[in-house]
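Here is the structure we will look at, set down as structure tokens.
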Amino acid sequence: MAAAWSLVGCGSGSPEATTTPPGATASAAASTGHGDANAYQHFQAAATEFAALPAYAVTYDARVNNPAGASFSATVAFTHKDTVTRVQFDGTVNGKETHFTTVQDGKTLTVCQSQTSSCAQTTDKSNMNPLASLDPVGVLQTVSGDPSMTIATAPAQTFAGVAGNCYSVTQQAQKSTFCLDPATGILLLAVGQSGATGSQQFTESIAATAVSTAVSTVDTSTPYPLASS
């Protein structure tokens, strides 16, 4: 992938993540060279808190410009409660209208796509999920577990009515800004760029347009019938 937390791994699954243990201390952050020790500690704590949320619903405006691969613009909605997660992708990929729906329940993964007007069900493996690399929990785990990551505080920004704590992050050749809900750790913004400047630059962003932790149930219905095995 072109970037350290790439969103455009459609079909390739989520990046491998090594999650830093919860409760990493400021002194540990300083000794391993992650930049601002206080910012590092708060970022790690927020990522851990988000991963542990029992329920959330977040809708993102997602945009990727990848001169070497898939570029897209889409609305991506995540609804999660307990072990069930539904993701709805509606947008364009390389200029073509595309819709994906995935439902994971801890045992099975159902993937529906508009190109075939059908759904397929398989065992719950991330490398089978075309939307896995968009997972905001996975994005934060990937970044927080990156040993090359350095971090500093950035000006606060507000998304979907939530004032986020923001951070400037550098990972190898990629520079990014992340904003997190200080109350829940929910990812509000991830925007980054890497590679050469100009038309060949790889850019990616997800920005929250709606956020809630009040989820009574997750819709597990599918827009198309299951394909016969």
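Look through ALA156, ALA210 and report the one residue that is farther than 17 Å from GLY35 by Cβ and touching a residue at least 24 places away in the same chain (Cβ under 8 Å).
On the way: ALA156 fails: touching a residue at least 24 places away in the same chain (Cβ under 8 Å).
Result of the check over ALA156, ALA210: ALA210.
Out of the residues in region 40-59 that are part of a strand (DSSP E or B) and over 12 Å from the mean Cα position of the chain (by Cα), state the one that is surrounded by the most Cβ atoms within 10 Å (Cβ to Cβ). Don't jump to the end; show me each part of the working.
First, pick out the residues of region 40-59 that are part of a strand (DSSP E or B): 55-59.
Still in the running and over 12 Å from the mean Cα position of the chain (by Cα): 55-57.
On the way: ALA55: 16, TYR56: 22, ALA57: 18.
Result: TYR56.
Restricting to region 137-166, give me the number of residues that are surrounded by 14 or more Cβ atoms within 10 Å (Cβ to Cβ), modelled with pLDDT under 95 and either in contact with a Lys or Arg (Cβ under 7 Å, 6 or more places away or on another chain) or not hydrophobic (A, V, I, L, M, F, W, C) (or both).
7
One line per residue, one yes/no per condition, for (1) closer than 13 Å to VAL215 by Cα; (2) in contact (Cβ under 8 Å) with a residue 40 or more places away in the chain; (3) within 15 Å of the chain's Cα centre (by Cα):
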| position | (1), (2), (3) |
| --- | --- |
| ASP61 | no, yes, yes |
| ASN66 | no, yes, no |
| GLY69 | no, yes, no |
| PHE78 | yes, yes, yes |
| GLN88 | no, no, yes |
| GLY95 | no, no, no |
| ASP105 | no, yes, no |
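Does region 174-184 contain at least one residue that is crowded, with 24+ Cβ neighbours inside 10 Å, in contact with a His (Cβ under 9 Å, 6 or more places away or on another chain) and under 19 Å from HIS80 (Cα atoms)?
Checked region 174-184: at least one residue is crowded, with 24+ Cβ neighbours inside 10 Å, in contact with a His (Cβ under 9 Å, 6 or more places away or on another chain) and under 19 Å from HIS80 (Cα atoms).
Could you tell me whether any residue of region 116-129 is over 24 Å from GLY192 (Cβ atoms), surrounded by 14 or more Cβ atoms within 10 Å (Cβ to Cβ) and touching a His at 6+ places or on another chain (Cβ under 6 Å)?
No: region 116-129 contains no residue that is over 24 Å from GLY192 (Cβ atoms), surrounded by 14 or more Cβ atoms within 10 Å (Cβ to Cβ) and touching a His at 6+ places or on another chain (Cβ under 6 Å).
Identify, from the list THR170, THR203, the residue that is farther than 23 Å from ALA57 by Cα and modelled with pLDDT of 90 or more. Lay out the reasoning, then the answer.
Details: THR203 fails: modelled with pLDDT of 90 or more.
Exactly one residue qualifies, and that residue is THR170.
Does SER73 satisfy the condition of being in a loop (DSSP other than H, G, I, E, B) and hydroxyl-bearing (Ser, Thr, Tyr)?
Working: in a loop (DSSP other than H, G, I, E, B): no; hydroxyl-bearing (Ser, Thr, Tyr): yes.
The answer is no for SER73.
Output the residue which, of all residues in region 81-103 that are among the polar types (S, T, N, Q) and assigned to a strand (DSSP E or B), is surrounded by the fewest Cβ atoms within 10 Å (Cβ to Cβ).
THR92
The values are calculated or read from the model by the stated rules, or taken from the named source; none is laboratory data. Note that the structure is predicted; figures quoted are calculated from it, not measured. Quick reminder, even Gly has a Cβ in these numbers, built from the backbone with ideal geometry, and neighbours come from all protein chains shown.
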